1. Filter segment 37-52 down to residues that are open to solvent by 70 Å² or more (accessible area, probe 1.4 Å) and assigned to a helix (DSSP H, G or I) and give me whichever is farthest from residue 15 (Cα to Cα).
2. Looking for whichever is touching a Leu at 6+ places or on another chain (Cβ under 6 Å), assigned to a helix (DSSP H, G or I), of a type outside the set (D, E, K, R) and within 25 Å of residue 232 (Cβ to Cβ) here; the options are 145, 125. Which one fits?
3. If residue 112 satisfies all but one of (1) of a type in the set (A, V, I, L, M, F, W, C); (2) within 18 Å of the chain's Cα centre (by Cα); (3) surrounded by fewer than 17 Cβ atoms within 10 Å (Cβ to Cβ); (4) closer than 18 Å to residue 227 by Cα, what's the number of the condition it fails?
4. Could you tell me which of the residues 55, 80 is in contact with a Phe, Trp or Tyr (Cβ under 8 Å, 6 or more places away or on another chain) and either part of a helix (DSSP H, G or I) or crowded, with 16+ Cβ neighbours inside 10 Å (or both)?
5. Determine whether segment 18-32 contains at least one residue that is modelled with pLDDT under 95, in contact with a helix residue (DSSP H, G or I) (Cβ under 9 Å, 6 or more places away or on another chain) and polar (S, T, N, Q).
6. What number of residues within segment 183-218 are loosely packed, with under 15 Cβ neighbours inside 10 Å, in a loop (DSSP other than H, G, I, E, B) and not hydroxyl-bearing (Ser, Thr, Tyr)?
Amino acid sequence: MTTMPLDAAPAVAQRIGELLATFKLPTAAAQLVPRFVQAGRDDVLPLLCEVLELEAGDRRERRIDRLRRAAHLPAGKTFETFDQVRFPRPLLVGLRDLARGAFLERAVNVLCFGLPGVGKSHAAAALGHALVEAGHSVLFTPTYALVQELLAAKRDLELPRALHKLDLFELLILDDIGYVQQSPDEIEVLFTLMAERYERRSMLITSNLVFSEWDRIFKNPMTTAAAIDRLVHHSVILEFAGPSFRTEDAKKRAAAIKPDDAKDATDDDNYTKPTKGKSK
């Protein structure tokens with residue numbers, strides 16, 4: 001009979017107990033290793049540990065797949081496709097630090113500011129993808145779409161249930177908060193959402209409007225101040241500067257057009273298709 005090296009036995013036994021506890025099998029976690037040792041079969045524990053590791057890995061992959069489907073993150077908007085050359089080092093360092101996920105435990109908010117097209121939404125989605133891969137629950141949604149859902153829930157007297165459902169996500173990513181339509185009912189449900197998650201769950205918000213312009217969202221100065229106060233109390237602020245990606249891409253495409261191509265395109269634009277009519 002082959003026995004485990006003595007120095008490996010405690011580590012293997014401890015790992016088996018940890019895995020079984022993770023699987024929510026407390027009795028097995030407490031009894032399995034001692035029973036095998038008492039039966040003189042401690043030699044099989046490394047193999048058993050290997051099988052349990054496979055089960056843990058499979059469970060993790062299934063969980064991540066469920067989290068990925070529930071997150072509604074834009075496909076392809078990851079850190080791998082993020083043009084890091086365009087951004088200052090402090091911003092990139094901040095994003096990498098957030099990707100570790102520690103801020104979620106402290107219910108810290110992430111606030112991304114910048115003009116349209118500078119990469120805020122891509123960065124938010126990339127962070128969401130990284131957190132999902134680490135096993136965290138994330139929901140990505142345009143702000144206006146979520147506000148409409150909450151309005152519908154309020155009309156159906158289901159707002160508390162809808163807020164509870166959102167509370168299941170460790171991070172709620174609200175993209176483009178400046179595009180909320182700003183009716184009184186919309187302002188109310190948006191503020192209620194922020195108040196519900198305050199100091200309990202994290203939010204990531206992208207905005208084209210700086211704080212001094214948020215009265216265009218919440219209208220009332222008191223409501224604006226209260227919303228900003230709740231978001232900023234525990235927060236990380238990321239500022240995105242530089243020209244718009246979309247504008248630069250359009251300029252590159254225009255510059256790549258040859259003179260002859262441009263002439264042909266102009267000729268095509270000026271071409272009028274003959275219309276059919278009765279001959280006179």
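1. Step by step, filter segment 37-52, then rank; the result is 38.
2. None of the other options fit; the residue is 125.
3. All conditions pass for residue 112, except number (3).
4. Values: 80 fails: in contact with a Phe, Trp or Tyr (Cβ under 8 Å, 6 or more places away or on another chain).
It is 55.
5. Checked segment 18-32: at least one residue is modelled with pLDDT under 95, in contact with a helix residue (DSSP H, G or I) (Cβ under 9 Å, 6 or more places away or on another chain) and polar (S, T, N, Q).
6. 3
The values are calculated or read from the model by the stated rules, or taken from the named source; none is laboratory data. In this text, all values refer to a predicted model and were calculated from it rather than measured experimentally. With ideal geometry, Cβ positions are generated from the backbone for all residues, glycine too; neighbour counts draw on all protein chains shown. These area figures cover heavy atoms from the full protein model, side chains too; ligands, DNA and RNA do not enter into them. Shrake-Rupley method; radii C 1.70, N 1.55, O 1.52, S 1.80 Å.
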